[in-house]
Amino acid sequence: MGSLNTITIRDAAANDKEAIQQVMLASYVQYEAVMSPPRWEAYREGILAAVDSDRALVTIIAERDGVIIGSMQMFVSSEAAYGRPEMEIHSPIIRYLSVLPSVRGQGVATELILESVRRTASLGASVLHLHTSDLMQSAVRLYERLGFERAYDKDFYNGETLVKSYRMPLHANVLEQLSSKALRSGQASHSVD
């Protein structure tokens with residue numbers, strides 16, 4: 001695996017499901033305090049169910065020394081990601097970006113996003129999408145720092161919550177720019193298995 005700073009990015013295997021669920025819950029449990037109990041329980045159940053979903057193109061994980069420390073799912077469209085074909089997103093969407101709180105700020109989320117950009121490009125798509133809400137301000141700052149821009153036409157409501165859409169247009173040197181931003185931030189190196 002390499003040094004303590006090396007993050008390995010790979011596709012999740014069937015036997016990773018429980019560890020991924022633990023990472024996801026640890027990552028999102030901070031929102032329990034600001035959600036009503038019924039809303040949190042529905043959110044929690046959605047997180048747990050997402051790991052078993054067959055709608056994702058792939059679940060990508062980040063490991064350090066054989067321990068899963070982050071994950072995210074990648075979908076091919078808004079229909080696959082949300083059951084919302086009317087959004088007319090026909091390019092990759094990332095969801096459930098999750099990083100253990102104990103390793104935040106070490107480049108794990110950035111490495112997962114870089115991998116999603118690589119995979120989006122390898123699929124021949126020109127845009128990568130994601131959705132988030134104002135509740136997740138640190139995630140919004142990361143997305144904007146990495147070059148995601150608002151896509152107001154793809155916003156939607158989940159109950160009373162505005163789910164904001166972001167997109168990253170992929171141009172010829174986007175990976176080089178993103179890698180450079182990660183290095184300037186002093187974030188960890190990574191390898192892909």
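Sort HIS90, HIS131 by accessible area with a 1.4 Å probe, largest first.
Result of the area sort, largest leading: HIS90, HIS131.
What value, in deg cm²/dmol to 500, does the helix sum -39500 (n - 2.57) over DSSP H runs of n ≥ 4 give at 222 nm once divided by the residues of the chain?
Helix contribution divided over all residues of the chain: -11000 deg cm²/dmol.
Taking Cα extents along the principal axes in Å straight from the coordinates, which label in (1) 47, 40, 31; (2) 44, 35, 29; (3) 73, 38, 30 is the correct one?
Derived directly from the coordinates: (2).
Between the stretch 56-92 and the stretch 116-149, how many Å separate their Cα centres?
So the separation of the two Cα centres works out to 11 Å.
Would you kindly derive the ³J(HN,Hα) couplings of the stretch 80-95 from the backbone phi angles with the Karplus curve 6.51 cos²θ - 1.76 cosθ + 1.60 (θ = phi - 60°), listing them in order in whole Hz, with x for Gly and Pro?
Calculated HN-Hα couplings, in order: 5, 6, 10, x, 10, x, 5, 6, 6, 9, 10, 9, x, 10, 9, 9 Hz.
With a 1.4 Å probe and every protein chain kept in, tell me what percent of the accessible surface of the stretch 1-84 is carbon plus sulfur.
Here it works out to 52 percent.
Please report the relative contact order for the stretch 1-149, taking Cα pairs under 8 Å with a sequence separation of at least 6, and give it as a percent rounded to a whole number.
After rounding, I find 22 percent.
The values are calculated or read from the model by the stated rules, or taken from the named source; none is laboratory data. Since this is a predicted model, take the numbers as computed values, not measurements. The protein model used for the area step is the full one, side chains on, heavy atoms only, and it has no ligands, DNA or RNA in it. Shrake-Rupley method; radii C 1.70, N 1.55, O 1.52, S 1.80 Å.
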